[in-house]
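First comes the structure, then the notes that go with it.
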Amino acid sequence: MASWFRRNKPATAPAVESPAPHAATTDTSADVSPSAEPAAPGKPGWRQRIGSILTRDIAELFGRNPRLDDDLLDDIETALLTADVGVSASTELVEGLRKRMKAREFADANALLKALRDDLVAMLSPVAQPLQVDATRKPFVILTVGVNGVGKTTTIGKLARRFQDEGHSLMLAAGDTFRAAAVAQLQAWGERNGVAVVAQGQDADPASVAFDALQAAKARGIDVLIADTAGRLHTQQGLMAELGKIRRVIGKLDADAPHEVLMVIDGTTGQNAISQLRQFNEAVKVTGLVVTKLDGTAKGGVVFALAREFGIPIRYAGIGERPEDLRVFDAEAFVDALLPETLGA
């Protein structure tokens with residue numbers, strides 16, 4: 001068994017890049033439905049993309065035909081904690097199993113493992129809510145936020161591709177004016193896929209960029225506007241306040257905007273993601289989550305901790321580098337990827 005474990009200069013006039021013709025790509029993404037997305041033939045599924053320490057530890061536990069006793073439950077709790085499920089969520093899950101075990105509800109260890117699987121799914125199902133673009137709000141404004149290095153700008157490109165494939169017209173706002181590469185990245189994506197990008201110079205006021213982009217999107221009748229923001233640590237109070245400013249400035253053009261505040265969270269950060277989300281939620285009221293890099297972590301259990309602590313919808317999960325690897329979050333597929341494929345395996 002595993003052991004126990006800146007910057008607000010006066011802005012210049014916005015640059016709105018005209019969309020180029022939609023370039024042909026080699027991506028044949030089928031992940032455009034707002035419902036659960038099974039892997040297409042030849043496309044790796046959740047289990048193939050997410051390698052989990054929980055899978056290994058649970059398989060080891062149940063592979064030796066364990067007795068239904070407190071020692072087994074203690075080992076299950078250790079496995080959950082090691083996988084970053086968190087103390088509160090792990091305790092809640094194990095205590096629920098303990099009560100049922102003492103009531104003799106489980107015929108054998110396989111029945112207990114199935115109950116654990118069902119409880120994990122039940123914890124995530126309420127937050128597995130796909131992002132729906134409200135056609136009555138035009139443009140539908142998505143403000144993306146997150147700490148440095150979580151893959152925010154890349155996620156925007158993948159989201160834009162998804163919305164484009166669904167038939168929505170798009171515009172992007174290059175609001176990460178601190179990192180020049182972020183602006184260039186969005187501009188390159190827009191040029192390649194025929195999407196207009198509103199950008200200003202480096203160190204421009206990001207609230208000004210968002211305001212100008214919303215004006216332009218309204219004038220052009222755009223369906224969806226996705227606004228990027230610079231990555232910032234949740235402990236940087238001045239920069240966190242800047243997010244509030246962006247929201248207020250957008251609200252001058254549309255009192256209901258942004259219609260979605262999408263926080264991108266790195267799935268490898270573990271329990272630190274909880275304090276990150278708490279601070280961002282206080283600053284700008286997060287309405288949806290994207291958990292990235294789940295293919296790059298042996299844990300991934302923080303998803304359960306986030307669900308239990310905040311109840312904020314998890315819109316998407318990143319399980320690879322390709323555009324189609326940004327999947328609509330599926331509670332059952334995620335849990336099944338974390339547990340052994342067959343009971344007793």
Report task. Residues being surrounded by 20 or more Cβ atoms within 10 Å (Cβ to Cβ) and of a type in the set (G, A, S): count how many of those fall in segment 289-319. Result -> 6
Report task. Name the residue, out of R308, R278, that is among the charged types (D, E, K, R), within 24 Å of D119 (Cβ to Cβ) and at pLDDT 85 or above. Result -> R308
Requested in this report: Inspect segment 215-230 for any residue being surrounded by fewer than 22 Cβ atoms within 10 Å (Cβ to Cβ), closer than 19 Å to V290 by Cα and touching a Phe, Trp or Tyr at 6+ places or on another chain (Cβ under 9 Å) and give the result as yes or no.
Outcome: yes
Query - Contacts under 6 angstrom Cβ, first residue in segment 135-158 being under 15 Å from V198 (Cα atoms), partner at pLDDT 90 or above and among the polar types (S, T, N, Q), 6 or more apart - result: I156/T144
Query raised in the report: Considering segment 59-84 alone, what residues qualify as being under 27 Å from S275 (Cα atoms), assigned to a loop (DSSP other than H, G, I, E, B) and out of contact with any Asp or Glu (no Cβ under 9 Å at 6 or more places or on another chain)?
Result: D84
Report task. For residues that are crowded, with 24+ Cβ neighbours inside 10 Å and in contact with a helix residue (DSSP H, G or I) (Cβ under 7 Å, 6 or more places away or on another chain), scanning just segment 265-285, find the one that is farthest from G86 (Cα to Cα). Result -> I265
Requested in this report: Those residues that are within 17 Å of G300 (Cα to Cα) and aromatic (F, W, Y), I need them from segment 105-126; list them, please.
Outcome: none
Query raised in the report: Is it true that some residue in segment 308-319 is among the hydrophobic types (A, V, I, L, M, F, W, C), over 28 Å from P139 (Cβ atoms), assigned to a helix (DSSP H, G or I) and touching a strand residue (DSSP E or B) at 6+ places or on another chain (Cβ under 9 Å)?
Result: no
Report task. Could you look through segment 49-86, keep only residues that are under 17 Å from N110 (Cα atoms) and among the β-branched types (V, I, T), and pick out the one that is modelled with the highest pLDDT? Result -> I76
Query raised in the report: All but one of (1) farther than 18 Å from Y316 by Cβ; (2) in a loop (DSSP other than H, G, I, E, B); (3) at pLDDT 95 or above hold for V286; which doesn't?
Result: (1)
**Report entry** Boolean, R137 is assigned by TED's automatic domain parsing to the domain that holds L239, of a type in the set (K, R) and more than 22 Å from the chain's Cα centre (by Cα)
**Finding:** yes
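The values are calculated or read from the model by the stated rules, or taken from the named source; none is laboratory data. Because the structure is predicted, anything quoted here is derived from the model rather than measured. Because the Cβ atoms are built from the backbone with ideal geometry, glycine has one as well, and the counts that use them run over all protein chains shown.
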